[in-house]
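Asks: Okay, here's the structure, questions in a sec.
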Amino acid sequence: MKSITLLLMLMFTLVSCGGGGGGGSDKQDAIVAPQVPEETDPGTDTGTDPDTNTGLPNSAYTFDSNIKWISLTNAQKNKFLNAVDMIKRVVASEEFRDAILNHKYNGRKTFVDNNGLTNSQIYNKILEAAEKLYPSKNNKMDMEVTTYYSDNNVVGYTYATSKRIWVNRKFFDTYGTSSVAANLFHEWLHKVGFGHAATYSTSRDYSVPYAIGSLIRRLGPKV
């Protein structure tokens, strides 16, 4: 009985991610939500970069990372570092802000599994970067990253009780920078507290991790 109870607890805390924003098989590829240019909400962070006219908050430009790399080769680490650089460029772009603020599901400006937050609040929560296990609003992606290999469709996973994410080399080894960045950001959004349905559905594509992971992949090569 104790073994069964422990297994059930692990199943509830494990967050594993297949395609789409996390990157995976074509069948599970996420759908990029329509971007509708209407009523842009500037968010609640009023600090702006004095050298630009974009209206972006300072925290968009200073968004950074504090990642502990676990048991990686130099080539693997460099691939991840390139992905992190891409993430920072995307976050510091107007396109990223506008896409989140204008993201729609079923005709409404909202995300699926949004924890009761508006699009503007989700954008600000990303910039604050306060993970559940690193609650300080330090404007940095704080986590540990390692790789593993499994011949299945799970691209990566994490536990709610762990600072670490695990990335499947089956996909990582062949992914380009934008797909690695999408998967990394997808998993980090879990650390911030956003979840999604465990099995594929069209609505899951509009969840915060999948939709914004896909946004990173789409914008990455353009910024």
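Asks: Provide the gained length on full extension for the span residue 132 to residue 72, in nm with one decimal, where the gain is 0.36 nm per separating residue minus the Cα-Cα distance.
Replies: 19.1 nm
Asks: Please arrange 67, 100 by counting, for each residue, the other beta carbons lying within 10 Å of its beta carbon, fewest first.
Replies: 67, 100
Asks: Please find the FRET efficiency linking residue 161 to residue 82, where r is the Cβ-Cβ separation and R0 is fixed at 41 Å, and quote it to the nearest 0.05.
Replies: It comes out at approximately 0.90.
Asks: OK, next. Hey, with R₀ at 41 Å, roughly what FRET efficiency would residue 149 and residue 202 work out to, going by the Cβ-Cβ distance, to 0.05?
Replies: So, using R0 = 41 Å, E works out to roughly 0.85.
Asks: Long-range amide H contacts for residue 160: which residues qualify at under 5 Å (H placed 1.01 Å from N, peptide plane, sequence gap of 5 or more or a different chain)?
Replies: 15
Asks: Quote the charge dipole size of the range 60-222 about the Cα centre in Debye, to the nearest 20; the model charges only the Cβ of Lys and Arg (+1) and of Asp and Glu (-1).
Replies: The calculated dipole for the range 60-222 is roughly 40 debye.
Asks: At what distance in angstrom do the alpha carbon centres of the range 200-216 and the range 170-185 lie from each other?
Replies: 16
Asks: Moving to a separate point now. Name the long-range amide H neighbours of residue 137: under 5 Å, sequence gap of 5 or more, or other chain; modelled H, no Pro or chain starts.
Replies: Placed amide hydrogens put nothing under 5 Å from residue 137.
Where a number appears in this text, it was derived from the coordinates with a stated rule and is not lab data. Computed from a prediction, not measured in an experiment: that's the story for all the values here. Reconstructed Cβ throughout: ideal geometry from the backbone, glycine too, with neighbour counts over all protein chains shown.
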